Structures are given as C-alpha cells and as structure tokens.
1. When only residues in region 1-28 that are over 24 Å from residue 150 (Cα atoms) and in contact (Cβ under 8 Å) with a residue 12 or more places away in the chain count, which is surrounded by the most Cβ atoms within 10 Å (Cβ to Cβ)?
2. Which condition does residue 1 not pass, out of (1) modelled with pLDDT under 95; (2) part of a helix (DSSP H, G or I), if it passes all the others?
3. State which residue is surrounded by the most Cβ atoms within 10 Å (Cβ to Cβ) when the search covers only region 109-126 and only residues that are out of contact with any helix residue (DSSP H, G or I) (no Cβ under 9 Å at 6 or more places or on another chain) and assigned to a helix (DSSP H, G or I).
4. For region 86-133, enumerate the residues that are without any contact (Cβ under 8 Å) to a residue 12 or more places away in the chain and either more than 16 Å from the chain's Cα centre (by Cα) or under 21 Å from residue 62 (Cβ atoms) (or both).
5. Here are some residues: 137, 133, 105. Which one is in a loop (DSSP other than H, G, I, E, B), out of contact with any strand residue (DSSP E or B) (no Cβ under 9 Å at 6 or more places or on another chain) and over 19 Å from residue 53 (Cβ atoms)?
6. Which numbered condition trips up residue 60, out of (1) under 30 Å from residue 142 (Cα atoms); (2) within 13 Å of the chain's Cα centre (by Cα)?
7. Out of region 43-85, which residues are closer than 18 Å to residue 12 by Cα, touching a residue at least 12 places away in the same chain (Cβ under 8 Å), out of contact with any strand residue (DSSP E or B) (no Cβ under 6 Å at 6 or more places or on another chain) and surrounded by fewer than 14 Cβ atoms within 10 Å (Cβ to Cβ)?
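The values are calculated or read from the model by the stated rules, or taken from the named source; none is laboratory data. A quick note: this is a predicted structure, and the numbers were derived from the prediction, not measured. As a convention, Cβ positions derive from the backbone with ideal geometry for all residues, glycine included, and neighbour counts pool all protein chains shown.
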C-alpha cells in the first residue's frame, strides 16, 4: 500500500478497503503521537492546561492534511466533489479553535458549545461513516479516474 499517495495526494480514487486501512493507521499514529507529545510536555488530556491545548491544536492541524487527502479520494470514488470534505473538516477545526481558546474542550466540565459542536460533528461523522466507509464507489470510471477495483465486465446479452 502506497501510504505516501494515501496521505498526500488529493487526486484519484480509493476503494473502501484502502480507505479503512489508511484511516486505521492514521488514527493509531495520531493517538500515539498525541499521548507521547503530551507526556513529554507534561500535560494531561483530562485536565487541559494552555500547553496541552496548544500541543493538541498543532497536532490536529498537522493531521488535518492526511485526513483530508483520504476523505477526498474516497469522495471521488463515490463521485462526490472534493469540497464535501469541508462538511466534516470545518466543524472539527472550529472545535479545535474553541478548545484552544478555552471556550470548550474541558472533558470534566462540558458546556453548551461542547454539546452543540459535538452534535454537529457526530451527525456529520455518521453520514461520512456511511458515505465513505460503507457504500461502494462508482462502478467503472468517473470524472475522477478509473475504478480502483478494476474494470467491470460487460453485461451478458
């Protein structure tokens, strides 16, 4: 599997298997890096201080690009435009910004903004889970490239 292509390119299409493999690897790397950096900085995820908030925000921004690359290629396989990725990425960035500013993000003391953004992210995530993770891509070539599963046999007459 070409991880460089998966995490850096916004061109082409990927099938569900490559999407899930790429997503699982990316999540594992994100969690390991997040916990390792917070351990080095001395912060705690459960009691966020300004250092922890800043480190978490920077890491979220760093992992935004590979996440977007995965989503866009999978959207292309579903014959959807790239900008649909913004439906999930924008609320996630807004949540990261409000967490950084201390307006939200305290897991032990949730407020209305936490709940509002959380509900939006949850609803869009369920939609993306179904759209990107469960539904088959366009059969045959589409405007974004050839079918990643290969050629489709001609129908029997």
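1. 26
2. (2)
3. Narrowing region 109-126 to residues out of contact with any helix residue (DSSP H, G or I) (no Cβ under 9 Å at 6 or more places or on another chain): 109, 111-112, 115-116, 119, 122-123, 126.
When the remaining residues are screened for being assigned to a helix (DSSP H, G or I), the result is 112, 115-116, 119, 122-123, 126.
Working: 112: 8, 115: 11, 116: 14, 119: 11, 122: 11, 123: 11, 126: 10.
Top of the filtered list is 116.
4. Within region 86-133, 86, 90, 101, 103, 109, 110, 111, 112, 114, 115, 116, 119 qualify.
5. Residue meeting the stated conditions: 137.
6. Going through the list (1) under 30 Å from residue 142 (Cα atoms); (2) within 13 Å of the chain's Cα centre (by Cα), residue 60 breaks only (1).
7. The one that is closer than 18 Å to residue 12 by Cα, touching a residue at least 12 places away in the same chain (Cβ under 8 Å), out of contact with any strand residue (DSSP E or B) (no Cβ under 6 Å at 6 or more places or on another chain) and surrounded by fewer than 14 Cβ atoms within 10 Å (Cβ to Cβ): 65.
To keep it simple, each residue is scored yes or no on (1) at pLDDT below 85; (2) assigned to a helix (DSSP H, G or I).
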position: 19; (1), (2): no, yes
position: 23; (1), (2): no, yes
position: 26; (1), (2): no, yes
position: 32; (1), (2): no, yes
position: 38; (1), (2): yes, yes
position: 44; (1), (2): yes, no
position: 51; (1), (2): yes, yes
position: 61; (1), (2): no, yes
position: 66; (1), (2): no, yes
